[in-house]
Amino acid sequence: AIERFGKPFIAGTRIAIVDILQWLAFDMTNEEILEDYPSLKEEHIKAALAFAANREAMIKMVAA
């Protein structure tokens, strides 16, 4: 992920990680996301989830 305007984005795209996470939260399937955004690949969706998981783990470590 790279940052643009203070938000992490998927490298090579203009798609923010938070957008992918919100689409998943609103019950879009991976297939629907990939169909709507052909610049994305399956590994980008997995990277967005991994980014969120790593960020959550960091927040818990700092709070502890």
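The values are calculated or read from the model by the stated rules, or taken from the named source; none is laboratory data. These numbers were taken from a predicted model, which means no experiment stands behind them. Cβ atoms come from the backbone with ideal geometry, glycine included; neighbour counts cover every protein chain shown. Areas reflect the complete protein model, heavy atoms only, side chains present, ligands, DNA and RNA absent. Shrake-Rupley method; radii C 1.70, N 1.55, O 1.52, S 1.80 Å.
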Would you be able to tell me the number of residues in the stretch 38-57 that are open to solvent by 80 Å² or more (accessible area, probe 1.4 Å) and in contact (Cβ under 8 Å) with a residue 24 or more places away in the chain? 1
Failed condition for D27, given (1) surrounded by fewer than 14 Cβ atoms within 10 Å (Cβ to Cβ); (2) at pLDDT below 95: (2)
